[in-house]
Amino acid sequence: MYKNILIPTDGSKLSAGAIKAGVSLARVIGAGVTGLFVAPTATPLIYEGIIPVGYMPPDEHAEMIRKATARHLAAIEKAAQEAGVQCECVSVTGDFPADAILKVAEKKKCDLIFMASHGRKGVSALLLGSETQKVLAHSKIPVLVHR
Amino acid sequence: MDAMSWIAVAIFAATIIAVIINVFDGTVAALIGVVAMIWVGVMTEMEAFAMVDWNVMAILVSVWIIASYFGKTGIPSWLAVQALKLSGGRAGLLVIILATLAGVISLFVDNVVVILMMAPVALPLARALKIPVTPLILMIGFASNFMGSAMLLGDLPPQMLHSVAGAEFMDFFYHSGRMSSFPILMITFAITLGAMYIYGFRSHRRRTEVDIANLGVEARIPNPLFATIVVAWFLMTVLGMAFRQVLGVQLGFIAMTGAISLVLLLELLGERTNAPDFEEVLTELDWRAVFFYIALFALVGSLEKVHILEMLADRFRPLFEQSYMLGASLLYWVTVPIVGIVEHDAYILTFLHTIKDLDNNVSPHWPLWWMLLWAGTLGSNLTVAGAPALYAALNICQGEEERKISLREFLSWSIPFVVVSTIVCYLLGMVIWVIPFAG
């Protein structure tokens, strides 16, 4: 069965649910997990979806992103540790999460992607679309969508 | 408008759309547009040939040949190391110095060549000082695109101004009793770089010790004889172009004389200069751009032939007659976003001709030509679609960072750069050029 499950997170509540369920599945089938956070680029402008909502010097923005990355990946590590599941966490920088998820899945030889159904809402969802949909459309390995 | 005019407009529009959407090669699209104009009878093949400003093409190719040798002298690497020393290892300051350097080189050298020249030396410096690559390379791209229009040599738009309006080399410094492109764009450039430093680089103030020996960038010029000859020839050619009216020949001929005599001298000196083969230099020239520009002249010329540009000028005439300042402002601010999303050379050439068709006594041409040139250049920094130099810069960033650069990330650097530069240049242009002529 599956040996290495990729669990991407965007730090949302939906992702938290997917992490819990993904780690449980890994424990049941005896697989390991690879946690992934796709960090946004540290530009001077801070965006919410596609809307610029603030300004921050890139250094401070990078530090903020680094802390957020550590926090989101720690959630996966903690869940895996509690379940006794082997876990490796990675973070990559980019504004195209679906591309990054597929690339990491290939690089880390994952055989299942376990992700939340959607994270974006409103205008962002309309303009940028769902990353889950993009992963479903382009993945060469099975994708399990958690609702 | 008669049927032939409509056909000419349709072919022109279809060609420009094909260039913008980039379904197939833009140069091929432009050449097909010219061929279509000839086959449907808008112009003859001899007229198409005559519409190309071969003087401008001679300037372009000749300066590129000299610039190509310049790129191989090792001077850009040497300058980059000097920039590092000057910055004292402060990353933010280095970005600004490298952008300034790119801007200065692009006064003489094609913008894409500047990017290809500067990026290989800027990347090791970025790694050594741990600066994010993307903003650094984009700043170099913006700067080289920006300063290309400050003088006659660095980019096609000022050469088109020479072609359409007869702007001479020195006119880019001082014209009609007031400062013109070079000083105005230099002031704008300095203010824009200052603003960009505050916006995105001021937090990189910490000094980093860098071992220059292990940097991977050549800190010395490999063959001083070769470098001296190329720089001397470059300067002599520029000087010759500055005194074109005294010499009584076309700029293209002066540039061509400079390029050909440089090639001859380097061939005669042989291994002593260790210069690249002429064939290698020719191979590296951007022939796609050359053919694109040739096609562009013929395409815009065909619009001129069927009096479309005259009609366009007739439509704009009341606007300028009613309020010259408002007309100039509209021309400037409408141009900025348009050239940000479409190829700017075609737009600028079309409107240079359109302005020429206005009545000079009622709507003085020169302020409008300058405002168009500046808006067309500065606005083209908005997206990669506006300027080929930015496309080259973006590709380098993506290759180095091994990821796609999003439009959002690109715009977070380009928008502040364009907003500051266009506002500063607009104010200077209005005060120095438009308002005095508006009375």
Exercise. Taking +1 at the Cβ of each Lys and Arg and -1 at the Cβ of each Asp and Glu, which of A:ALA80, B:ALA13, B:SER380 sits farthest along the dipole of the protein assembly as shown towards its positive end, judged by Cα position relative to the Cα centre?
Worked result: A:ALA80
Exercise. So, with +1 on the Cβ of K and R and -1 on the Cβ of D and E, and no other charges, what is the size of the charge dipole of segment B:57-191 about its Cα centre, to the nearest 20 debye?
Worked result: 580 debye
Problem set entry | FRET efficiency, 1/(1 + (r/R0)^6) with R0 25 Å, evaluated for B:ILE341 and B:GLU402 via beta carbons | 0.35
Exercise. Cα to Cα, under 25 Å, and not fewer than 8 places away if on the same chain: which lysines meet these conditions relative to A:LYS3?
Worked result: A:LYS20, A:LYS78, A:LYS103, A:LYS107, A:LYS108, A:LYS109, A:LYS134, A:LYS140
Seminar exercise, completed: Subtracting the Cα-Cα distance of B:PHE49 and B:ARG272 from 0.36 nm times their residue separation yields 76.1 nm
Exercise. What helices in chain B pass both tests, a Cα length along the helix axis of 15 Å or more and a mean Kyte hydropathy of 1.0 or higher, using whole DSSP H runs?
Worked result: B:3-21, B:26-40, B:54-71, B:91-105, B:111-129, B:133-147, B:181-196, B:224-242, B:251-269, B:287-305, B:324-341, B:407-429
Exercise. How many nm is it between the label spots at B:TYR174 and B:ALA213, if each spot is 7 Å from the Cα in line with the beta carbon?
Worked result: 5.0 nm
For this session: Return the loop-located trypsin sites (Lys or Arg not before Pro) in segment A:1-87 (DSSP other than H, G, I, E, B) with at most 16 other Cβ atoms within 10 Å of their own Cβ; answer none if there are none.
Result: A:LYS3
Exercise. Any idea what the dipole of the protein assembly as shown comes to, in debye rounded to 20, about its Cα centre with Lys/Arg Cβ at +1 and Asp/Glu Cβ at -1?
Worked result: 2600 debye
For this session: Scan segment B:386-435 for GluC sites (Glu not before Pro) in coil per DSSP, keeping those whose Cβ has at most 14 other Cβ atoms within 10 Å, and list them by number.
Result: B:GLU402
Exercise. Out of segment B:153-260, which trypsin sites (Lys or Arg not before Pro) are coil in DSSP terms and have no more than 15 other C-beta atoms within 10 Å?
Worked result: B:ARG202, B:ARG205, B:ARG206, B:ARG220
Exercise. When N is the residue count of chain B, what does its C-alpha Rg come to as a fraction of 2.2 N^0.38 Å?
Worked result: 0.98
Exercise. For the charge dipole of the protein assembly as shown, defined by +1 on Lys and Arg C-beta atoms and -1 on Asp and Glu C-beta atoms about the Cα centroid, which residue among A:LEU112, B:SER302, B:LEU319 has the Cα displaced farthest towards the positive pole?
Worked result: A:LEU112
Exercise. Tell me, in nm to one decimal, what length is gained between B:LEU247 and B:VAL23 on full extension, where the rule is 0.36 nm per residue of separation less the Cα-Cα distance?
Worked result: 76.1 nm
Problem set entry | Within 10 Å of each Cβ in A:37-43, the average number of Cβ atoms from other chains | 4
Seminar exercise, completed: So B:GLU321 and B:ILE415, fully extended at 0.36 nm per residue minus their Cα-Cα distance, gain in nm 30.6 nm
Exercise. Taking the alpha-carbon centroid of each part, what is the distance from segment A:44-61 to segment B:275-293 in angstrom?
Worked result: 42 Å
Exercise. Where nothing but the Cβ of Lys and Arg (+1) and of Asp and Glu (-1) is charged, how large is the charge dipole of segment A:15-146 around its Cα centre, in debye to the nearest 20?
Worked result: 360 debye
Seminar exercise, completed: Taking every residue of B:403-415, the Cβ atoms of other protein chains inside 10 Å of its Cβ average out to 5
Seminar exercise, completed: Of the residues B:ALA242, B:PRO135, B:PRO158, the Cα lying farthest along the dipole of segment B:124-253 towards its positive end, which is defined by charges on the beta carbon of Lys, Arg, Asp and Glu, belongs to B:PRO135
Exercise. If you count the DSSP beta bridges with both ends in segment A:15-146, what percent of them are antiparallel, to the nearest 5?
Worked result: 25 percent
Exercise. What distance in nm separates the simple spin-label points at A:LYS140 and A:ASP111, each placed 7 Å from Cα in the Cβ direction?
Worked result: 1.6 nm
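Read-outs throughout are calculated quantities, based only on the coordinates presented, and are distinct from any laboratory measurement. Quantities reported herein were computed from a predicted structural model and do not represent experimental measurements. Reconstructed Cβ throughout: ideal geometry from the backbone, glycine too, with neighbour counts over all protein chains shown.
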